[in-house]
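The structure under discussion appears below in the form of structure tokens.
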Amino acid sequence: MTTDPTAPDPGTPIPYADPAAAVPGPAGPGGPPANPDATASIGDPAATVPGTRPERADPADSSTGELLRTLTENARSIVQAEVASARQEVTEKALAARPGAALLGGAAVLGVLATGTSAVVLVRVLDKIFPPVVSATVATALLGGGAAALAKAGIEELRLVGPPVPERTIESMKADVAAVAEATPG
């Protein structure tokens, strides 16, 4: 069996290369860069390295209109991001609450059966063993006990999920407000 000497060892991890990342290359004198796609991300704020900030223009050099437009755009993007975050968090919590809600629904159905006329079948079966009053009491206790057990399990499941408020988003908004208050002069 022949092996390819250029093939990586099966135990060696293969490094990840981001295809959208800029690829530096030598540029000829006065010519285009070796990789024309590399120029597409130069100066693009979306292509900055995480943890670094793009250089900002001095606000003193900007007009009032430009400053207001920048402020409006920043506020809009922050609000949109926070709303999206809140929506995602509430959706996650709602999905996590489904099993508990289903258990509570089952408890409600069994509770209705415990007080409804559907329990007549159980009562008639028990009438063959016990007197009528005792058989009705036993049937009600069985159905009510099943409803109570399901209700308890459903409540515990819902307690694990927590309150249906977007807690991460609230903390993020508090941090945003604190950052704005800190950056505001006076």
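Would you check if Ser85 is hydroxyl-bearing (Ser, Thr, Tyr), loosely packed, with under 13 Cβ neighbours inside 10 Å and part of a helix (DSSP H, G or I)? For Ser85, the condition - hydroxyl-bearing (Ser, Thr, Tyr), loosely packed, with under 13 Cβ neighbours inside 10 Å and part of a helix (DSSP H, G or I) - is not met. Across segment 54-82, the qualifying residues are those that are among the charged types (D, E, K, R) and exposed (fewer than 14 other Cβ atoms within 10 Å of the Cβ), and the one among them that is farthest from Gly162 (Cα to Cα) is Asp61. The residues in segment 153-186 that are surrounded by 13 or more Cβ atoms within 10 Å (Cβ to Cβ) and either farther than 30 Å from Asn74 by Cα or of a type in the set (Phe, Trp, Tyr) (or both) can be counted, and the count is 6. Only one entry of Leu104, Leu95 meets the criterion of being in a helix (DSSP H, G or I) and either basic (Lys, Arg) or surrounded by 14 or more Cβ atoms within 10 Å (Cβ to Cβ) (or both), and that entry is Leu104. With the structure loaded, tell me whether Gly145 is surrounded by 15 or more Cβ atoms within 10 Å (Cβ to Cβ) and modelled with pLDDT of 85 or more or whether it fails that test. In short, no. The conditions of being among the acidic types (Asp, Glu) and in contact with a Leu (Cβ under 8 Å, 6 or more places away or on another chain) are met by Glu157.
Once segment 148-186 is narrowed to residues that are more than 30 Å from Leu71 (Cβ to Cβ) and in a loop (DSSP other than H, G, I, E, B), the residue that is modelled with the lowest pLDDT is Pro164. Just one of the listed residues (Arg159, Arg98) is of a type in the set (D, E, K, R) and in contact with a Gly (Cβ under 9 Å, 6 or more places away or on another chain), and it is Arg159.
The values are calculated or read from the model by the stated rules, or taken from the named source; none is laboratory data. Everything numeric in this text was worked out from a predicted model, so none of it was measured. When we count neighbours, we look across all protein chains shown, and the Cβ atoms used for this are built from the backbone with ideal geometry, even at glycine.
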